[in-house]
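Notes to accompany the following structure.
The values are calculated or read from the model by the stated rules, or taken from the named source; none is laboratory data. Predicted model only: the values in this text are computed from it and were never measured. The area values use the complete protein model at the heavy-atom level, side chains included, leaving out ligands, DNA and RNA. Shrake-Rupley method; radii C 1.70, N 1.55, O 1.52, S 1.80 Å.
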Amino acid sequence: MHFRRPTLDVTERRLATAADVWDLRRIAKRRTPTPAFDYVDGAAEEEISIARACAAYRDVVLHPRVLRDVTDVDLGTEIFGRHWTMPFMIAPTGFTRFMHSEGEYAGSAAAADRGIGFGLSTMGTASVEDVARNAPDGDNWFQLYLWKDRDASMALIHRAWDAGYRTLMVTVDTAVAGARLRDVRNGMSIPPQLTLKTVVDAAYRPAWWFNFLTREQLSFASLSRHSGPVAELINTMFDPTLTFDDLDWLRKEWPGNLVCKGLQSVEDTQRVLEHGVDGVILSNHGGRQLDRAPVPLHLLPAVREAVGPDVTIGVDTGIMDGADVIAAVSQGADFCLIGRAYLYGLMAGGRRGVDKVLDLFEESMTRTMQLMGVHSVGELTPEAVTLGGGGGVR
């Protein structure tokens, strides 16, 4: 027996105690004021959609094959001609520097260093140019919310192209803002409004308080200055008249890969492909828009069967572990997106917390594939997984 070597690095010591993403969530909750933590952790209305999505991954049964040499496994895949070392990317998230001042800079640099994709949101807190300069070798994607002001939308996507982004994700599930009740109760607004309650809540989190007050003022880097509730901003700027004609317009304006994010039915997925998109992301927005929405993992097999093997499909919502990624890829996804898991790591330890999340996912995927007797992600097939619980017979 021997004692663990002591370290004076508080962040390293804190992160070393995390065995999984849920441990990072607990650390993040301790270190982050309630409004910021709940913005990440919460969802719409009764939060049924996110609970069902997480439960869907818990209910998966993985079917192992034994007596196979799995000394080495390959997690790599190819997405739109770029090699990724693992079949997932960091999802676009809004308000990110509210969680930690390193925000999108931590996420984009970590993704680039690990060889996976990174998504920057229209509601991000770092500009398209700053993220591109921060991670010039990364596979950076830009996520677009179409505004009522089409000229402003056009200018923004042209800026993204000029900065080196080659994949555009247009989100189509935000005709209006979802009812995110935690945010309403916490008074979430841009910029964050200080009240006696928020001051007291932050007072016993001095590291976050210092971090927040000594950095650049928080704002949505791609938007005009706005003061007021987040939901009000969405309903004021974003366009409820968005139709398939707008996809045609985007297809003409954007010369790179066009991906449609927020698909929740087979029929809509087929229709957007008819309008020229190059890939789709099955998503219910992390449960943050329509509550009681379809679970993307459950929708995945039917979509893959309908669109065939050549369409690039991503999936998000409820993915908290590398085994979740393995399950989704087995059911037909080319890649997954992680949002909450990434932000828990960011809140727990900045850039090093994000690296910790990527480590945990890589370790879990590697171990899961070895125990399943699988050598590469290309070998993952629907027969390897049973959805909805039950052991099944193989």
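Structure values in brief
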{"read-out": "Lys pairs under 24 Å by Cα in the range 15-386, provided they are eight or more residues apart or on distinct chains", "value": "5"}
{"read-out": "At least 20 Å along the helix axis (C-alpha) and Kyte average at least -0.5, DSSP helices within the chain", "value": "340-372"}
{"read-out": "Accessible surface, per residue, of the range 1-120 when the full set of protein chains is kept, probe 1.4 Å, Å²", "value": "50"}
{"read-out": "Where only C-alpha atoms are counted, convex hull volume of the range 44-95 per residue in Å³", "value": "159"}
